[in-house]
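Since the structure comes first, as structure tokens, the remarks are kept for the end.
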Amino acid sequence: MEHSLNDLTIFVLAIFVGYEIISKVPVILHTPLMSGTNAIHGIVLVGAMLVLGGADTTLARVVGFCAVVLGAVNVVGGFMVTDRMLQMFRKKSGPNEP
């Protein structure tokens, strides 16, 4: 019980720290920051797969499966946002250029 209370305390503190850090980032940096963090989320995906592989109970398997699915969605979304952001910096070819 004490271990769970410590985990919950760390989780709640991480939420507040994350909110404070993200709210201080200028608006112009939101897209690159979001793109980078989504790509880093691949680490979370690998961790979720490792946890799912060692799950013993049904609850742990369900939570692990949800973590893998949500992590995969976040990684794919991060790459899509990155691709869209990079398209904004490409030169547009004119009608006479190949």
### Query
Picking from 36, 77, 53, which is most flexible by a Gaussian network model of the chain using Cα springs under 10 Å?
53
### Query
Hey, in the GNM for the chain with a 10 angstrom Cα cutoff, which one of 64, 78, 54 fluctuates hardest?
54
### Query
Accessible area per residue of the range 6-98 at 1.4 Å probe, in Å²?
82
### Query
Out of 86, 46, 73, whose Cα points farthest toward the positive end of the dipole of the chain (charges: +1 Lys, Arg; -1 Asp, Glu; placed on Cβ)?
86
### Message
For a quick check, take a GNM of the chain with Cα springs below 10 Å and name the residue from 63, 27, 17 with the largest mean-square fluctuation.
### Response
17
#### Entry: Spacing of the two label points (7 Å from each Cα toward its C-beta) at residue 9 and residue 81, in nm
3.2
### Query
Counting only protein heavy atoms, what percent of the accessible surface of the range 30-88 is carbon or sulfur at a 1.4 Å probe?
77
### Message
Using the Cα centre of the chain as the reference point, and only Cβ charges (+1 on K/R, -1 on D/E), how large is the resulting charge dipole? Debye, rounded to the nearest 20.
### Response
540
### Task
Starting from the chain, pick out the trypsin sites (Lys or Arg not before Pro) whose DSSP state is loop and whose Cβ has at most 15 other Cβ atoms within 10 Å.
24, 90, 91, 92
## Note on the structure
Candidates for Kirkwood radius over Cα pairs in Å are (1) 14.4; (2) 16.5; (3) 14.8, and the calculated one carries label (2)
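The values are calculated or read from the model by the stated rules, or taken from the named source; none is laboratory data. Computed from a predicted model, the values in this text were never measured in an experiment. For neighbour counting, all protein chains shown are included, and Cβ atoms are generated from backbone atoms with ideal geometry for every residue, glycine included. Please note that ligands, DNA and RNA were not included when accessible areas were found on the heavy atoms of the full protein model with its side chains. Shrake-Rupley method; radii C 1.70, N 1.55, O 1.52, S 1.80 Å.
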